[in-house]
Amino acid sequence: MRQIEIAWESIGARVRITLDEGRNADCVEPLWAALPYRTLQGHALVAGDCMYHVPPAHDLLHAVPDYKVDRKIQPIGTVFLSAVQHLTIKYGELTEPMPTSPIGSVVPEDVESLPKIGQLIWDSVYRNGEPVIAQVRRVDGPAGHGVRRMDAESERVRALVERIAAETERVLVDPTDELVDIHEGKFPSGAGTKNSVLTTLVAVNGETRPLGYVSYTSLVRAARLTEIPLSALLEMAKILLVKPTEFLGYCGLNTLWDITKEVIAALDGITTREDFVALMAQMATYVNSIGAWNLQLFPWDLEGDSWTYRPTVTRSANV
């Protein structure tokens with residue numbers, strides 16, 4: 001029986017999770033291989049009572065689960081993994097009936113503590129509290145932190161993989177100065193029409209999430225799970241990755257834009273699918289880590305508990 005432990009030292013909490021044996025192995029094995037690691041703990045902002053984090057498990061991006069369920073109706077304590085690199089723990093009512101891959105469950109004696117932990121995580125994210133870092137390890141295994149470097153044949157790609165992985169290790173547990181500056185409304189480029197801030201923050205989040213969840217993830221899945229020619233994948237990467245990242249650089253994510261320019265420049269020298277997947281997968285994990293901090297640092301307190309919808313457009317009586 002394989003078990004993992006997630007500890008949140010700053011809130012004095014921990015749970016143990018028993019992993020499924022023989023079911024959804026394509027999801028479980030990448031997680032097991034990625035241990036131990038540390039990562040920012042997040043909370044669902046739309047779907048209800050579940051908390052999630054980004055594990056640095058690159059092979060999740062192209063995992064093919066053999067078993068899915070409607071997470072809305074699963075028991076409290078069910079743990080899920082997804083291709084967008086979310087390890088999710090359900091601790092209460094969910095409203096989103098999404099088919100998701102279960103990979104285990106919180107041990108029975110720890111389930112009772114989940115609602116309290118979930119509330120503390122919610123307060124951390126939505127009430128703009130101190131970030132909570134999840135420390136994830138195998139039960140009885142060592143603690144630690146690291147991001148696996150994917151294998152690559154090209155020396156140039158290997159060097160880029162190393163740079164991306166090192167940057168990801170930092171961003172998983174600590175926001176960069178660039179991220180902090182953006183969320184403090186500091187935009188050296190002048191981004192933010194008429195000195196607005198929320199407009200740019202919304203745009204940054206709106207570009208970062210699909211860049212990681214859709215563009216990079218889809219390129220990895222296409223390379224691993226289809227027979228699309230490598231030449232086509234290389235051209236699609238150039239089309240999909242430049243424009244949104246150039247915009248994010250303008251908004252202040254200069255490191256992401258600088259690394260992306262190196263990645264794009266390296267594509268012309270790639271001759272194997274393995275090197276292509278290595279670059280795309282490392283970048284997906286990096287971008288998804290940035291996306292997690294966008295949600296943590298966003299000024300949700302501006303909404304407030306008393307927020308109500310105030311329409312500014314008069315609806316036609318015929319609508």
Report the one residue of Val79, Met98, Met51 whose Cα lies farthest in the direction of the positive end of the charge dipole of segment 41-126 (charges on C-beta: Lys and Arg +1, Asp and Glu -1; origin at the Cα centre). Met98
I want to make sure I understand the PRE zone here: with the label point 7 angstrom from the Cα of Asp268 toward its beta carbon, which residues in segment 224-251 have backbone N atoms less than 14 Å away? 235, 238
Run the dipole for the chain about the Cα centre, Lys and Arg Cβ at +1, Asp and Glu Cβ at -1, nothing else charged, and hand back the magnitude in debye, nearest 20. 500 debye
State log₁₀ I(q)/I(0) for the chain at q = 0.10, 0.11, 0.12 Å⁻¹ as given by the Debye formula over alpha-carbon point scatterers of equal weight, solvent excluded. -0.59, -0.72, -0.85
At 1.567 mPa s and 4 °C, plugging the Kirkwood radius over alpha-carbon pairs of segment 53-105 into Stokes-Einstein gives what diffusion coefficient in µm²/s? 115 µm²/s
Each label sits 7 Å from Cα toward the beta-carbon; between Asn254 and Glu227 the label points are separated, in nm, by 4.8 nm
Please identify which residues in segment 90-114 have an amide N closer than 17 Å to a label point set 7 Å out from the Cα of Arg14, following the Cα→Cβ vector. 106-114
When ligands, DNA and RNA are left out and all protein chains stay put, how many square angstrom of accessible area per residue does segment 1-153 have with a 1.4 Å probe? 43 Å²
Ignoring ligands, DNA and RNA, what percent of the 1.4 Å accessible area of the chain is carbon and sulfur? 53 percent
For segment 223-270, take every pair of Cα atoms, bin their distances at 10 Å starting from 0, and report each bin as a whole percent. 26, 46, 23, 4
Would you mind giving the average projected area, over all directions, of the Cα convex hull of segment 34-184 in nm² with one decimal? 10.8 nm²
Residue-level accessible surface for Arg163, protein heavy atoms, 1.4 Å, Å²: 90 Å²
Distance in nm between pseudo-label sites at Thr95 and Val242 (7 Å out along the Cβ direction from Cα): 4.1 nm
Under 10 Å, Cα contacts only: if you run a Gaussian network model on the chain, which one of Glu169, Glu21, Glu246 comes out with the highest mean-square fluctuation? Glu21
For the chain, modelled as a Gaussian network with Cα springs under 10 Å, which listed residue fluctuates most, Met150, Met283, Met98? Met98
Among Thr285, Thr88, Thr255, whose mean-square fluctuation peaks in a Gaussian network model of the chain (Cα, cutoff 10 Å)? Thr255
Once both labels are modelled 7 Å past Cα along the beta-carbon direction, what's the Thr193-Asn205 spacing in nm? 1.9 nm
Just to be sure I understand the curve: with the Debye formula and one point per C-alpha of segment 199-304, what is log10 I(q)/I(0) at q = 0.22 Å⁻¹? -1.15
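The values are calculated or read from the model by the stated rules, or taken from the named source; none is laboratory data. These numbers were taken from a predicted model, which means no experiment stands behind them. Reconstructed Cβ throughout: ideal geometry from the backbone, glycine too, with neighbour counts over all protein chains shown. Keep in mind that these areas ignore ligands, DNA and RNA; they rest on the heavy atoms of the full protein, side chains included. Shrake-Rupley method; radii C 1.70, N 1.55, O 1.52, S 1.80 Å.
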